[in-house]
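Report on one structure; see the data block that follows.
The values are calculated or read from the model by the stated rules, or taken from the named source; none is laboratory data. Note that the structure is a prediction, hence the values are computed from the model and not measured. Cβ placement follows ideal geometry from the backbone for every residue including glycine, while neighbour counts extend to all protein chains displayed. Note: accessible area is taken over every heavy atom of the protein model, side chains too, but ligands, DNA and RNA are not part of it. Shrake-Rupley method; radii C 1.70, N 1.55, O 1.52, S 1.80 Å.
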Amino acid sequence: MPDSTVIGAAAPRVRFAPSPTGFLHVGSARTFIFNWLYARHNHGTMVLRLDDTDVERNTQASVQSIFDGLRWLGLDWDEEYKQSERLDLHRGQAEAIFAKGLAYRDFTPAHAGDDNQSSSAQGAWLSNPGMRELSREESDRRAAAGETFALRYRVPRGEGRVLRFVDSVYGSQTKLADEVEDFALLRSDGMPTYHLASCVDDADLGISHIIRGQDHLTNTFKHLLIFEALDAPPPQFAHLPLLVAPDGTKLSKRKHGPVVSVTTYRDAGFLPEAFINFLCLLGWSPKDDREFMTLGDLTAAFTLEGVNRANAVVNFSEESPFDAKAVHLNAEHIRALPVERLASCLQPFFEQAGFHATPEKVLAVTQLIRERIKVLREAVGAADFFFAEELAPYDPAELIPQKGDAALARRVLEAAQQVLAATPFDHDSLDKALRDAATQLGLKAGQAFQPIRVAVCGRKNAPPLFETLVVLGRDVCLKRIGQALTKLA
Ligand code: GLU
């Protein structure tokens, strides 16, 4: 069911608005996903808007990394904009706000470039004396003389004006206008600040719901003032709880390293559906507290009422770089995936490892290892013996069965050589023939199979034996058993 808040209302329009100043942060990915789920659940529109007006900090590499991350997640969007292509609109609206007397020119050089997204400009309106009070005439004269200026919002002072909104997650929010500084709308280089560009675009694009990180909660008071100056009704706001490290500090690349970047999960072999599932449970929970959820499940269940206020902890440490829940969910999603799709996800990992990995072989191998891996990258170590020309060196003692000796191991392997050379190479024939051979040697199947498994795989812990033999093929198996006998000699 669509959200109760939008029944009868127009379909919602939401936006994800990354600033291309770094890689795609897991927190940003979660913001994107929550917006997407909200749009899809309510049959609304998902807008992607690149907040790229900070020319000094934007990089093409960052734009690339954001798009790479989003493409990997595999979620789509309906409309796409770049703020840098909308500067005329931002400046025009700034002028309109100025013309209404709701903004003033600030010629103070030290504050002319204020483009701070945080609200911590420490009473900046106090330290640019005289600017707010400058007469329009004087202001026009100095501007005409070529002095540079920033344009600041004239926040109501001394009127006891209370700014308020009801956040869908954090509830009723109020702040005295007297506690909000005269924030900049345009910087002295003529570029719009985040506050101005964001609100002008949100109004122009008809954004109905702003779903973004909790770190923007206090910015919202400034945004209310801008929407008011634009004569635009403010959207509904929903702020999302912060993602924090186990020590409670905000997740940041500088402090916490690669674990905060989406591509780290991709490269380690998380499935996008599992990563999405994991991120959704950071700060949101479905009514029935399920954990394993497909994208379809999430879309059906997602409501803003399910978003929690408490910071969401991402658990990681030096020994386990990924949250155990992420790994567990990934293993479940790996098992739930159709084997053909899983095989195509594994293909690049095998290729990167340098294996000669034909799609047919990868498919066959995938069937055998899917229960044995939690992240895709583990497949390389779990399946290397299927692809390698030569086995990695192993300890010949591994070939010796329990309660046996080297002589017994040799007898088993010699019998296996004869059986494998003479038996049709399919699962059932090998199963029967090798069991018969074990019986003839007076051994239990488990005892007899260990030397064979180690001889062909180079390890005790490997997928089921007969399937493995079939995928390896007769020639490889016989060659490896011959090599094992040499090792025992
Ligand atoms: N570009 C802003 C950011 O990346 C967007 C904040 C917002 O959603 O308003 O933090």
Within segment 253-269, which residues are under 10 Å from the mean Cα position of the chain (by Cα) and within 20 Å of ARG335 (Cβ to Cβ)? TYR265, ARG266
Given the conditions (1) of a type outside the set (Ser, Thr, Tyr); (2) away from the ligand (no atom under 16 Å from the Cβ); (3) farther than 28 Å from LEU89 by Cβ, every one holds for LYS253 apart from (2)
Taking segment 17-29 and keeping residues open to solvent by 10 Å² or more (accessible area, probe 1.4 Å) and closer than 22 Å to ASP297 by Cα leaves GLY27, SER28
Out of (1) within 14 Å of the ligand (Cβ to nearest atom); (2) under 26 Å from ARG266 (Cβ atoms), the odd one out for ARG40 is which? (1)
Kindly indicate whether any position in segment 23-31 is touching a residue at least 12 places away in the same chain (Cβ under 8 Å), of a type in the set (D, E, K, R) and within 30 Å of ARG141 (Cα to Cα). no
What is the residue count in segment 262-306 for residues that are under 20 Å from LEU337 (Cα atoms), in a helix (DSSP H, G or I) and of a type in the set (S, T, N, Q)? 2
Which ones in segment 398-429 are more than 45 Å from the chain's Cα centre (by Cα), in a helix (DSSP H, G or I) and without any contact (Cβ under 8 Å) to a residue 60 or more places away in the chain? ALA407, LEU408, ARG411, VAL412, ALA415, GLN418, VAL419, ALA421, ALA422, SER429
Selected residue [within 14 Å of the chain's Cα centre (by Cα) and β-branched (Val, Ile, Thr)] from VAL26, VAL63: VAL26
From the list GLU319, GLU340, GLU291, pick out the single residue that is under 27 Å from ASN42 (Cα atoms), open to solvent by 60 Å² or more (accessible area, probe 1.4 Å) and out of contact with any Cys (no Cβ under 6 Å at 6 or more places or on another chain). GLU291
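Residue-wise test of (1) more than 16 Å from the ligand (Cβ to nearest atom); (2) surrounded by fewer than 22 Cβ atoms within 10 Å (Cβ to Cβ).
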residue	(1), (2)
ASP178	yes, yes
HIS195	no, yes
ASP201	no, no
GLY206	no, yes
PRO234	no, yes
GLY248	yes, yes
THR263	yes, yes
So, in segment 471-487, exactly how many residues are closer than 14 Å to LEU399 by Cβ and open to solvent by 20 Å² or more (accessible area, probe 1.4 Å)? 5
Are there any pairs with C-beta distances below 7 angstrom linking a residue in segment 142-153 that is closer than 17 Å to GLY130 by Cβ to a residue that is in a strand (DSSP E or B) and hydroxyl-bearing (Ser, Thr, Tyr), with the two at least 6 apart or on different chains, and if so which? ARG152/TYR104
What do you reckon, is ASP88 free of Cβ contacts under 8 Å to residues at least 40 places away in the same chain and either among the acidic types (Asp, Glu) or touching a helix residue (DSSP H, G or I) at 6+ places or on another chain (Cβ under 8 Å) (or both)? yes
Selection status of LYS222, open to solvent by 20 Å² or more (accessible area, probe 1.4 Å) and of a type in the set (Lys, Arg): no
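The rows are residues; the columns are (1) within 36 Å of the chain's Cα centre (by Cα); (2) surrounded by fewer than 22 Cβ atoms within 10 Å (Cβ to Cβ); (3) within 16 Å of the ligand (Cβ to nearest atom).
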| residue | (1), (2), (3) |
| --- | --- |
| ALA145 | no, yes, no |
| ALA150 | no, no, no |
| PRO156 | no, yes, no |
| VAL162 | no, yes, no |
| GLN173 | yes, yes, yes |
